[in-house]
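Remarks on the structure that follows.
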Amino acid sequence: MTEAVIIGVGLHPFGRFPGKPAMDMGADAVRLALADAGVTWPRIQGGYVGSFEVANPDAIVGKLGLTGVPLRGVFNGCATAGTAVALAARAIETGEHDLTIAIGLDKHPRGAFAADPSVAGIPSWYGQTGLFLTTHFFGMKINRYMHDHGISHETLARVASKNFRNAAGNEKAWRRTPLTPEEILASPVLNYPLRQYMYCGPDEGAAALVLCRADQAHKYTSTPVRVRSTSLRSRRLGAFEVQSPSFPVGEPVESPTVDAAREAYERAGIGPEDVDVAQLQDTDAGSEIIHMAENGLCKDGEQERLIAEGATEIGGRLPVNTDGGLLGNGEPIGASGLRQIHEIVLQLRGTAGPRQIPGTPRVGYTHLYGAPGVSAVTILST
């Protein structure tokens, strides 16, 4: 099977851009990715574009050029971008195309994500109890995890503080004001134990990746990044996940993140010990903590010590969310996972500027998680 590599990345800033449609942000991100790859739009042979708010994101061809390119719309909740890049890579691996693109774009209104539970196949009572509000679910989940594994409120605050500090060094991040753990702990409780500055927020932005056959990468770049594996898994019966209308009784069932991570490591021939830098879904500070263990990067409960020691800082043993993560960038759903990959590509190239990790990173890891209990993992390497 032919190997796929990333040869170009583009990122529109994340934040709020009144009057600018998501489609225009997406077109800007695509142009940046094409310029980075040194190719023009007419050379793209196929692609995948994801969005939550835009009904027909494939209409972006009207902004880029009507070349007849097959551009397919995809959606998998918060894992949408993971699906887009997986399919763009698969089209190369199977020989369907030599040059593909993955695009993500979104423009969310202010406030937490909300909808009628019926759109997710969930009874109305689930929404009436408040559980369909994701902030409620994530508060419940980390509260239980803290009890079971000895995680402190201070550790939640340290995670959030780290991500805002990292975002301060990222000119394309949304929330770039550093906050101390003490300031975060002093902010209002929204859903116990999570406070105001421990949650990410829906916002606006776009990102794009250009991929090609590995044996043709030399035509475009001297620093291709290999797509070693992609994996997407949905929840299993008995798992307590976002938008699960029941709580498991008896032995716990592993999260789809555990399943996706295990499959991705196996496909890549890479283990957690090989990961040099990671991007983990931090819908809230607690999610980053949980996902460290679920992705195999530590054992349950070890996060308390690792975070206190600075292991997940830019200069630590395992830097996590070096660009600020979702806490610093917000979450335009269609683009969020491609923003993660954009950061990993910069880190593996050694071009991440003030947030570049030390040494010569060779393996990067990205992880997405969200409704309705779905997780996507992508492993990249030099």
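The values are calculated or read from the model by the stated rules, or taken from the named source; none is laboratory data. Quick caveat: nothing in here was measured; it's all calculated off a predicted structure. Using ideal geometry, Cβ is built from the backbone for each residue, glycine included, and neighbour counts are taken over all protein chains shown. For the accessible areas, the whole protein counts, side chains as well, though only heavy atoms, and no ligand, DNA or RNA atoms are used. Shrake-Rupley method; radii C 1.70, N 1.55, O 1.52, S 1.80 Å.
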Exercise for the section: Could you tell me which numbered condition residue 130 fails, if it satisfies all but one of (1) open to solvent by 30 Å² or more (accessible area, probe 1.4 Å); (2) in contact with a helix residue (DSSP H, G or I) (Cβ under 6 Å, 6 or more places away or on another chain); (3) modelled with pLDDT under 95? Expected result: (1)
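Yes/no per residue for (1) farther than 23 Å from residue 142 by Cβ; (2) outside any loop (DSSP other than H, G, I, E, B); (3) in contact with a strand residue (DSSP E or B) (Cβ under 7 Å, 6 or more places away or on another chain):
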site: 172; (1), (2), (3): yes, no, yes
site: 190; (1), (2), (3): no, yes, yes
site: 201; (1), (2), (3): no, no, no
site: 210; (1), (2), (3): yes, yes, yes
Practice task
With the condition kept exactly as written, say whether any residue in the range 264-285 is in contact with a helix residue (DSSP H, G or I) (Cβ under 6 Å, 6 or more places away or on another chain), farther than 30 Å from residue 23 by Cα, open to solvent by 30 Å² or more (accessible area, probe 1.4 Å) and in contact (Cβ under 8 Å) with a residue 24 or more places away in the chain.
Solution key: no
Handout entry: Count of residues meeting criterion [under 30 Å from residue 24 (Cα atoms) and touching an Asp or Glu at 6+ places or on another chain (Cβ under 6 Å)] in the range 167-201
Key = 4
Fill in the blank from the handout: Given the conditions (1) of a type outside the set (A, V, I, L, M); (2) surrounded by 21 or more Cβ atoms within 10 Å (Cβ to Cβ); (3) at pLDDT 95 or above, every one holds for residue 172 apart from (2)
Fill in the blank from the handout: If you go through 199, 145, the only one that is under 29 Å from residue 352 (Cα atoms) and out of contact with any Phe, Trp or Tyr (no Cβ under 7 Å at 6 or more places or on another chain) is 199
Practice task
Could you grab the pairs with beta carbons closer than 7 Å, sequence gap of 6+ or different chains, first residue in the range 92-114 and under 30 Å from residue 215 (Cα atoms), second one among the basic types (Lys, Arg)?
Solution key: 92/213; 98/213; 99/43
Exercise for the section: Search the range 97-124 for residues being at pLDDT 85 or above and loosely packed, with under 13 Cβ neighbours inside 10 Å, and hand back the single one that is nearest to residue 70 (Cα to Cα). Expected result: 109
Handout entry: Filtered residue count, the range 23-55, keeping only those that are part of a helix (DSSP H, G or I) and open to solvent by less than 10 Å² (accessible area, probe 1.4 Å)
Key = 7
Exercise for the section: Output the qualifying pairs, or none if there are none: Cβ atoms under 9 angstrom, residues six or more apart or on different chains, first residue in the range 298-309 and without any contact (Cβ under 8 Å) to a residue 24 or more places away in the chain, second residue surrounded by fewer than 13 Cβ atoms within 10 Å (Cβ to Cβ) and assigned to a loop (DSSP other than H, G, I, E, B). Expected result: 306/317; 309/317
